[in-house]
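First the structure, in the form of structure tokens, and then the observations on it.
The values are calculated or read from the model by the stated rules, or taken from the named source; none is laboratory data. All values derive from a computational prediction rather than experimental measurement. Here the Cβ positions follow ideal geometry from the backbone for every residue, glycine too, while neighbour counts run over all protein chains shown. Each accessible area value is taken on the protein alone, full model and side chains, heavy atoms only, with ligands, DNA and RNA left out. Shrake-Rupley method; radii C 1.70, N 1.55, O 1.52, S 1.80 Å.
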Amino acid sequence: MCGIVGAIAAREVSAILLEGQRRLEYRGYDSAGMAVFDGQELNRLRRAGKVQQLADALGSDPLHGHLGIAHTRWATHGQPNERNAHPHMSGERLAVVHNGIIENYATFKAELKDKGYVFTSDTDTEVIAHLLSEALKLESDLYAAFRQVINQLEGAFALGVIHADYPELLLCARKGSPLVIGVGMGENFIGSDPLALLQVTDRFIYLNEGDTACVSREQIEVRNARGEVQALDIKRYEHGTQSADKGQYKHYMLKEIFEQPGVIQATLNGRVGKGEINTQLFGDSAQQLMDSVQAVQIIACGTSYHAGMVARYWIEELAGIPCQVEIASEYRYRKTITLPNTLFVTISQSGETADTLAALRVAKERGALASLAICNVPGSSLVRESDLCLMTQAGPEIGVASTKAFTTQLSALMVLTLSLAKTRGLDSTLEAELTDALTTLPAKVEEVLALSQRVEQLATHFADKQHSLFLGRGALYPIALEGALKLKEISYIHAEAYPAGELKHGPLALVDSEMPVITVAPGNELLEKLKSNMQEVRARGGELYVFADQHAGIEDQEGYHILHLPKIHPLLEPILYTVPLQLLSYYVAVIRGTDVDQPRNLAKSVTVE
Ligand code: G6P
């Protein structure tokens, strides 16, 4: 969640920190702050609201210096106001930025108050600053004192620390929340995400769980949780083809929706050949392992969970392997039964989602055969901790509401399914049909994007609505869930999704002329049943918005608003039918004037549980 950036350099650092904060704003955007040492004093500036508020304040009250830390916040403890914004200080000379939650902060807070420390915020972070002040009374080595404090903290965190009496040092730590060190020439940086630091370097050290680091302009020392000095493993960041700016588009979300044909293609490249699927997705040595898989357990959160739900339909139908899907925060705390030879699949755009990572660690203890991450970020924690990975090629996704990450996850999951299925006797005609269909998928998505104006018209009917219902059947049910999630995330319209067969078991009671019912109606074998469900909605005065196959025989009539979509292989319908639902939410949100890319209360990367 929150974003951390820090710098130690010969040049002025505040502009670097501010640019880093802008790039990290997707992680949280309720307040922002910066502390910079000017050679004599540690000066701090904080503002409630977005990074722009801080930038405006810096315009009239600049911070100068060569050592600094900065933060964008997503509130956990304490309201999103200026007094709770980071950095937090102990006295005038020590500043801390923090991402995560300190679970045992209340005990420390009471003890520190007894010792005379005065708290000026409601955050858990402030105890870290005071604990460090306290430790420095007995230990004059700042890094040693910092490590003593870290050893006392329970919970998940990433930290950055500076002290005016140690102007040549920038300290950081990682336990449960991501942190990288950006390596420069005579200057070094820290950040929650390499994206924040690509403005200044493309060489990174990814801290491992429990690592701390002491960074100066010329040197970097990393120690593990036991305090042992680690060899430095500097990795060069691989730039994708997508840029991280908005280009001609009004919002990142719209840009990312329109990037889908290209990124789906990139995700399929090298994995889908002419008429056949590549079964060597993970190399020779892993193939034996994949052949012994007898069950699949998928774990994810949010949109990624919906991708997993679709994959269950595919894996059971095509590969004939039992597949379970569960939300990570449920799986990790539940007593589960791991079937023999279970492949444990995590799906995550960021690779840093706290619950998904924790579930992976739990699965290892529960005896999964192997772990496989479907992920969009190469150096992420999830990728590093999994046995195997299948990377999506979505490029940076900045809009908080996930779009291209989802369709590339689905594309990768179809590749995985076909690869599992092929070694288990997939019919070669079906293999050829599906690989051909995958080859045409980017062009079909392009055709759907060309319908965006028509979707924009449909959106005008929603602008004043408070509630909505999404219906789908089979593998299109998770797509209805994803459509509802998109709409609620960015337009704040209450949206619920149901498998259409459940309509009579409750939701029909809500249907009247004020309740738009959005239906995904492809041309598959469940179409006739879905048509009956639509009749039931119409009979109660509900207005239907139907995304239908052009050959489904569903035409515009009273109470029906139809958007015809191109024909595609039924197994790929979930990917294609996602796109108009993304566009619909986008245009509804634009009409309602919400903050499309940074919807209220949400964050892109959820690194706290
Ligand atoms: C947040 C994001 C969603 C995302 C979910 C899971 O809620 O706003 O867009 O689907 O986290 O994130 P992950 O990075 O694990 O896919």
| message | Just to verify a number: FRET efficiency for ARG93 and LYS246, C-beta to C-beta distance, R0 = 45 Å, to 0.05? | response | 0.65
| said: What is the angle, in °, between the Cα long axis of helix 573-592 and the longest principal axis of the Cα atoms in the chain? Nearest 10 is fine, range 0 to 90. | reply: 60 degrees
| Under the classification rounded if a/c is under 1.5, otherwise prolate if a/b is larger than b/c and oblate if not, where does region 310-392 fall, given a ≥ b ≥ c as square roots of the Cα gyration tensor eigenvalues? | oblate
| query | For LYS531, which lysines qualify as cross-link partners when the Cα separation must be under 20 Å and same-chain residues fewer than eight apart are set aside? | reply | LYS504, LYS567
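Counting other Cβ atoms within 10 Å, which GluC sites (Glu not before Pro) in region 492-572 have at most 12 and lie in a DSSP loop?
Working: sites: GLU496, GLU502, GLU514, GLU525, GLU528, GLU536, GLU543, GLU555, GLU558; in loops: GLU514, GLU525, GLU555, GLU558.
Here the sparse-neighbourhood loop sites are GLU525, GLU555, GLU558.
For SER140, SER216, what's the largest-to-smallest order of accessible area, 1.4 Å probe? Please list the in-between numbers first.
Numbers: SER140 85, SER216 25 Å².
From most accessible down to least: SER140, SER216.
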| Counting only protein heavy atoms and using a 1.4 Å probe, what share of the accessible area of the chain belongs to carbon plus sulfur, as a whole percent? | 48 percent
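At 0.36 nm per residue, and after removing the present C-alpha to C-alpha distance, how many nm does the segment from GLN152 to ARG454 gain when stretched out fully?
102.9 nm
First measure r as the distance between the Cβ atoms of ARG384 and THR107, then evaluate 1/(1 + (r/R0)^6) with R0 = 35 Å and state the FRET efficiency to the nearest 0.05.
Numbers: r = 33 Å, r/R0 = 0.93.
E(calc), rounded to 0.05, equals 0.60.
Provide Rg over Rh for the chain; use the alpha carbon set for both Rg and the Kirkwood Rh (inverse mean inverse pair distance). Present the calculation step by step, with values, prior to reporting the outcome.
Working: Rg = 25.5 Å, Rh = 25.5 Å.
My calculation of the ratio gives 1.00.
Net charge around GLN324, counting only other residues with Cβ within less than 11 Å of its Cβ (Lys, Arg = +1; Asp, Glu = -1)?
Details: positive: ARG312; negative: GLU316, GLU326.
Summing Lys and Arg as +1 and Asp and Glu as -1 gives -1.
Students often get this wrong, so check it: of LYS246/LYS444; LYS113/LYS175; LYS50/LYS486; LYS235/LYS486, which have C-alpha atoms separated by over 28 Å?
Values: LYS246/LYS444 24 Å; LYS113/LYS175 26 Å; LYS50/LYS486 22 Å; LYS235/LYS486 35 Å.
Distance filter (> 28 Å) returns LYS235/LYS486.
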| Contact order relative to length of region 340-440, as percent, for alpha carbon pairs under 8 angstrom and 6 or more apart | 21 percent
| said: Give me the 1.4 Å probe accessible area per residue for the chain, excluding ligands and nucleic acids, in Å². | reply: 38 Å²
| note | Using alpha-carbon positions, the gyration tensor of region 449-550 gives root eigenvalues a ≥ b ≥ c; with a/c under 1.5 called rounded, otherwise prolate if a/b exceeds b/c, else oblate, the class is rounded
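Under a Cβ-only charge scheme (Lys and Arg +1, Asp and Glu -1), can you give me the dipole magnitude of region 318-390 about the Cα centre, in debye to the nearest 20?
Values: 7 positive and 7 negative charges, 38 e Å.
For this selection, approximately 180 debye.
May I ask you to list the trypsin sites (Lys or Arg not before Pro) in region 491-558 that are in a DSSP loop and have at most 16 other Cβ atoms within 10 Å of their Cβ?
Values: sites: LYS504, LYS529, LYS531, ARG538, ARG540; in loops: ARG540.
For trypsin sites (Lys or Arg not before Pro) across region 491-558 that sit outside H, G, I, E and B with at most 16 neighbouring Cβ atoms in 10 Å, the list reads ARG540.
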| field | Cα centroid separation - region 365-428 against region 546-609, whole Å | value | 23 Å
| field | Built amide H within the under 5 Å cut-off of THR346, gap 5+ | value | ILE299, LEU372, ALA373, ILE374
| remark: From the Cα centre of region 337-355 to that of region 254-319, the distance in Å is 14 Å
| message | Loop-only GluC sites (Glu not before Pro) in region 12-65, please: DSSP not H, G, I, E or B, and at most 14 other Cβ atoms within 10 Å. | response | GLU41
| When only C-alpha pairs under 8 Å and at least 6 residues apart count, what is the relative contact order of the chain, in percent? | 12 percent
| task | Please give every one of the lysines within straight-line cross-link reach of LYS115, meaning a C-alpha to C-alpha distance under 25 Å, and leave out same-chain neighbours fewer than 8 residues apart. | result | LYS137
